[in-house]
Structure formats: structure tokens, C-alpha cells
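Participant: Here it is, the structure in full.
The values are calculated or read from the model by the stated rules, or taken from the named source; none is laboratory data. The shown structure was predicted, so the numbers you read here are calculated from the model rather than taken from an experiment. What goes into the accessible areas is simple: the full protein's heavy atoms, side chains included, and nothing from ligands, DNA or RNA. Shrake-Rupley method; radii C 1.70, N 1.55, O 1.52, S 1.80 Å.
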Amino acid sequence: MTTDSEHSSGLYEAYEVFVQYDVLEPHQYVGSVLASSTDMALIVARENFLRRDKAHSLWVVPKQFIAVKTSEDVDFFAVEFDRDYRRVDGYSDNARRWKAFKQRAMEIDEVVEDVKHAGSGNPEEQITPGDGFATESAPTQKGR
Amino acid sequence: MVTSTEDMRVTQFMARIERGEKIEATDWMPDDYRMVLVKFIQMHGVSEIMGAYPEKEWVPKAPSLRRKLGIMSKVQDEIGHGQLLLRVAEELAAPLGATRESMIEDIYTGRIKFHNVFHMPAPSWADAGVIGWLVDGAAIISQAALLDTSYAPYARVLKRICAEESFHMQHGESIILSLAEGTPEQRQMLQDAVNRWWESLMFFFGPPEISESARVMLKYRIRERTNEELRQKFLTRYVPRIRSIGLTIPDEALSYDRNKEQWTYTQPDWQRFGEIVRKNSGPMSQARIALRKSAHTDQAWVREAMKRTADSVHVSVLGK
Ligand SMILES: [Fe+2]
Ligand SMILES: [Fe+2]
């Protein structure tokens, strides 16, 4: 890692580079370049990082404008409690409890898939016959 | 000629939309695209914020520490969703002179509306559960249907929101399952809450007719499903689940027509709820708006003080 004095003493300035590979993904940090101006930084970044990959958008930011916290600051990143009440896995007993009512647990992925299609869907497919989850297993989509 | 360049730009824009391309904040866009998006996203963001109020009322009264932590996390998420969405809205509305301050002020000057459900009271813990289960359930269906929206910054934020909503879904179910497994009194409390919320939930998706702004949104692929399609999907998913835990839905006309593959249901009182939303005249509208207003105005000095501190630090750093 460079320090403030290192990048301010040279002739050029350091820029951090962020690439957005897909329109629906966030920009991702890929590395840094040294350049004489913002315009040049964009060109150098394009040459360094995007010779092959297809990208949707490219950002360069002067390094000095990036405020940083690292894991050295333990308190800052501390998770004070076991926070499973904030996560889906804190409620994993729901599926068993629905089953007692002869009902299948619902997952958000299937809702996402469902609304892509027109029509009301079949309410009978929502009910679990017997005790299985057989009717329609929740499709697990990539990346969601 | 000015009009022909304008026409050409609109044609090019429509071609982008039809190719399924996503639009960024910095791209050229027709005025009606911008206007309809600003209004829609601002209303979405403001509804997230006002939506935290009915549940926030239950944070001090939650029945156990774990429930308190759970509902507090959810309230935090909703306010967080409001912030992400207002960020998207204010960026789009910047050419129109809007700011974060004005977007919040719009709530108490009545310039922006929020969802009917958040004007209603939540008198019991079962209401907190039903909000988490069914109101979030309805909101999840609406938001999931927007994931493929043509406006990229909105789509990216929605993706994040939906990921967090999967916790809201489980959280709401967990509360209502506990009540459903409980004593006859607890089950009755749950039934009463469903009775209170059902009509509001039917209204939530909006009228079955396609309004002018809905037409613009369909044209520009801001959304692709109609109000009625989403209400139908909600019924398909939730009616069997509500019934499976032994609850009655307070609508005798409710039934699924196998031939038409459609639900028949009693129309909510469009007139009454429409007025509640337009005039902020629901049972809890004024009280919650007053709270939102005092949070905004009483703390104006804090925002200003923080800005002054930041400015003076900036000056002294640069001055060195
Ligand atoms: Fe939300
Ligand atoms: Fe939510």
C-alpha cells in the first residue's frame, strides 16, 4: 500500500479503479493506476484492466479522495451480538412449523421467479399434499 | 429543427428500451420517463420510511427480547430502504430542483403520498406479525416484479432490498406461526388482525384499471406486471397459507375460478382508501406524519451543525 506522501511526491497521481462488469452489479474495485490526469487515468485503466473483459462502466477516483477503514480498527467492524435474529437462518424453524400446518415454507427466490410470468398461478401448487415438499421445490436461482 | 432532434432522441431511447437496455442517471431520457420515475421511486422511498412507523410502535412492547431485536432490525432495514430509494429519486429529480430535504418535506406538505397500509393502526402484537407477514409479502411481490425495471439505479437498489426482504419474510412468518400455535386467545388476536388488514391489502396493489401513469410505466418497461396480476399472485400464494393455519379470510366472495385461472374477490372500498391516501386522512396518518415532521424539523440544527463542522475541517486542511 502506498502512503499519502508517496503518491503526492511523484509527478503523476494515483487513481483507484472500479469496474462494473454487468449493469445490475455494483462497481468492483480492481486495482490502481498512475496517471497525469483523470482523462488519462480512464485510458490507462481501460488498457490495464479491460483489454479482454467486457464492461458496462468504469470509474477512476483519485486515491486521496478515498476514505478508508481497515480491519486494524477492530471496534469499527465488531459485531456486538450473535445477530441471527437479523438473518434468515435465525428463523430456520419456520419450515418445520409450516409443515405442522401441512403447508410449505415460501422462499423469496420463488417469488422473484413467479413474477416474471403473467397469470395468477395455481393455488393448489402452494399446498403440500401429505407431508412432503414435493409439489414444487423452490427454484434456487443463481446469484440471488 | 428542435422538434425533429427531440423526436429522434425519443425514437432512439425507445429502441434502447425495446432492446432491453438499462438506462443510467446520466443518460438522456424523455421528460415523462423522468417524471413518472421520480414520483414512483419517491413514493416507494417515502412508503418505506412511513412503513417503519406502525412497526416501530411495537419495538418497546415486543413480547420478548429476541422479538424486540428482530423487529428493531426490521425497522432499521425499512429506514435503510427509504434512504437507498430517496438517493435514487433525488439524483433523478436534481434537474427539477429537488433535494433530500424537499423530498422529506413533501411528506408533511402532502405533495407525496405513501401506501394506504401505513395509514392504518396496529393495535396488537398480532398486527405487527400480520404487517411483517402479509404487508411485507405484498410489498415483496411488488418489488420483485420491478427487479427487471429499465432504470438501472433503481434495479440495483431493488436487488439489495429484495435480499433483505427475505429476512422480513421469515421474521413475519415466525411471529404469526407462534400466535397460530398458541392459545385460543392468541389465535383470536391473529384472526382479528387479519380481519383488520385484509381490505387494506387488497387496496395496496392499486385499482385493476390501468391508469395513465401505469401505461407510461408499461411503455417504458419501468414495470411489466399490472396491479391486477400482482394482486392475483398475492392471493395465489397467501390464501392457502392463511387458511392452512385455520384463519378465515373476511371476504365471503373470495374464490378461485379454475376455468378462468383467476381469483374472484370483493373489491375494497376504492373511494374510502383513495381518500385516505390523497388527504392523509386515515386513522393514524396525522399522528405518524407529525412524528416524521418533528424528526425532520427539530433536528434541522443538527444537520446544519454537522455541515458547518465538516466545512471548517475542510477549510483548515486545505489552508495548511
Ligand atoms: Fe422494505
Ligand atoms: Fe420489508
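Participant: How would you classify chain B from its alpha-carbon gyration tensor, with a ≥ b ≥ c the square roots of the eigenvalues: rounded for a/c under 1.5, else prolate if a/b is greater than b/c, otherwise oblate? Before the final figure, lay out each step's value.
Facilitator: Numbers: a/c = 2.06, a/b = 1.24, b/c = 1.66.
Cα axes put chain B in the oblate bin.
Participant: List, by residue number, every residue in segment B:214-238 with a reduction of 40 Å² or greater in accessible area between the chain on its own and the complete protein assembly, 1.4 Å probe.
Facilitator: At a threshold of 40 Å² (probe 1.4 Å), the residues of segment B:214-238 that become less exposed are B:R225, B:K233, B:T236, B:R237.
Participant: First check a/c for the protein assembly as shown, with a ≥ b ≥ c the square roots of the eigenvalues of its C-alpha gyration tensor; if it is under 1.5, answer rounded, and if not, answer prolate when a/b is larger than b/c or oblate otherwise. Mind showing how you got there, number by number?
Facilitator: On the way: a/c = 1.67, a/b = 1.52, b/c = 1.10.
In terms of gyration-tensor shape, prolate.
Participant: Counting alpha carbon pairs within less than 8 Å and at least 6 residues apart, what relative contact order, in whole percent, applies to segment A:11-65?
Facilitator: Relative contact order here is 46 percent.
Participant: OK, next. Pick from B:E224, B:E209, B:E164 the residue whose mean-square fluctuation is largest in a GNM of chain B, springs joining Cα atoms under 10 Å.
Facilitator: B:E209
Participant: So, in Å, what gap is there between the alpha-carbon centers of segment B:37-53 and segment A:61-114?
Facilitator: Cα centres, segment B:37-53 to segment A:61-114: 23 Å.
Participant: Related question: In the protein assembly as shown, carbon and sulfur make up what percent of the accessible area (probe 1.4 Å)?
Facilitator: Numbers: 13310 of 24030 Å².
Carbon and sulfur: 55 percent of the exposed surface of the protein assembly as shown.
Participant: What residue among B:T149, B:T264, B:T99 shows peak mean-square fluctuation when chain B is described by a Gaussian network model with Cα springs under 10 Å?
Facilitator: Its mean-square fluctuation being the largest, the pick is B:T264.
Participant: Moving on to the next point. Between chains A and B, what is the buried accessible area in Å², counting both sides, with a 1.4 Å probe and ligands, DNA and RNA left out, to the nearest 100? All intermediate terms of the calculation are to be shown ahead of the outcome.
Facilitator: Details: alone 11640 and 16590 Å², together 24030 Å².
In total, chains A and B hide about 4200 Å² from solvent.
Participant: If you average the alpha carbon positions of segment B:198-245 and of segment B:73-146, how far apart do those two centres end up, in angstrom?
Facilitator: Each part reduced to its Cα centre gives a spacing of 17 Å.
Participant: For chain B, what relative contact order do you get, as a whole percent, if you take Cα pairs closer than 8 Å and at least 6 residues apart?
Facilitator: On the way: 341 pairs, mean separation 66.2, N = 320.
Relative contact order for chain B comes out at 21 percent.
Participant: Taking only DSSP H segments of four or more residues, each worth -39500 (n - 2.57), what value at 222 nm results for chain B once the sum is divided by all its residues, to the nearest 500 deg cm²/dmol? Kindly include the intermediate steps, with their values, before the conclusion.
Facilitator: Working: 13 runs with 217 residues, N = 320.
Dividing the helical sum by the residues of chain B leaves -22500 deg cm²/dmol.
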